[in-house]
Amino acid sequence: MASQSQGIQQLLHAEKRAAEKVAEARKRKARRLRQAKEEAQGEIEQYRLEREKDFRHKQEAVMGSQGNLAVEVEQQTRQKIQAMQANHHRNKEKVLRQLLMLVCDIKPEIHHNYRIKM
């Protein structure tokens, strides 16, 4: 009987050690998974930063040329506005004189379609 209880004790002890080993293996596996996940996240972040950098370089190359176009259009617009303002100031008096002359200098005439009945 003593050998049976000793055998049971050995089995229980072996089962406990096996459970501890399984628990330790699960912990190691969880640690490895976390580590792999962190490494993958780091690689993903590094790849994302690299792609964003490439995108910014390409965007600057394209937008840089478009930015120059915007500046050129702005300068042309300013020049045209200045030319229009100069024309306005130069011709303002002349136009006002013509308008006043047409409004104030009335020449009474009989219209050519008017027929005098006698």
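The values are calculated or read from the model by the stated rules, or taken from the named source; none is laboratory data. Only a predicted model underlies this, so the values are computations on that prediction, with no experimental measurement involved. Cβ: placed from backbone, ideal geometry, glycine included. Neighbour counts: every protein chain shown. We work out accessible area using only protein heavy atoms, side chains counted, and drop any ligands, DNA or RNA first. Shrake-Rupley method; radii C 1.70, N 1.55, O 1.52, S 1.80 Å.
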#### Entry: Accessible area per residue in Å² at 1.4 Å probe, computed on the chain
103 Å²
### Summary
Check: in the chain the Lys pairs 8 or more apart or on separate chains whose Cα atoms fall under 17 Å apart number 4
### Query
Does anyone have the angle between helix 2-104 and the longest principal axis of the chain? Alpha-carbon axes, 0 to 90°, nearest 10?
10 degrees
### Message
Starting from the 7 Å offset along Cα-to-Cβ, what nm value, one decimal, do you get for the label separation of K92 and E39?
### Response
7.9 nm
### Task
Mind checking the full-extension length gain between A30 and Q46? Use 0.36 nm per residue of separation minus the Cα-Cα distance, one decimal, nm.
3.4 nm
## Note on the structure
In whole µm²/s, the translational diffusion coefficient that Stokes-Einstein assigns to region 1-100, given a Kirkwood hydrodynamic radius over C-alpha pairs, 10 °C and 1.306 mPa s, equals 71 µm²/s
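Tell me, what is the FRET efficiency for Q76 and R56 to the nearest 0.05, using R0 = 22 angstrom and their Cβ-Cβ distance as r?
Approximately 0.15, to the nearest 0.05.
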### Query
Can you give the three extents of the C-alpha atoms in region 46-118 along their principal axes, from longest to shortest, in whole Å?
105, 30, 12
### Query
In region 62-118, what percent of the accessible surface is made up of carbon and sulfur (1.4 Å probe, ligands and nucleic acids excluded)?
59 percent
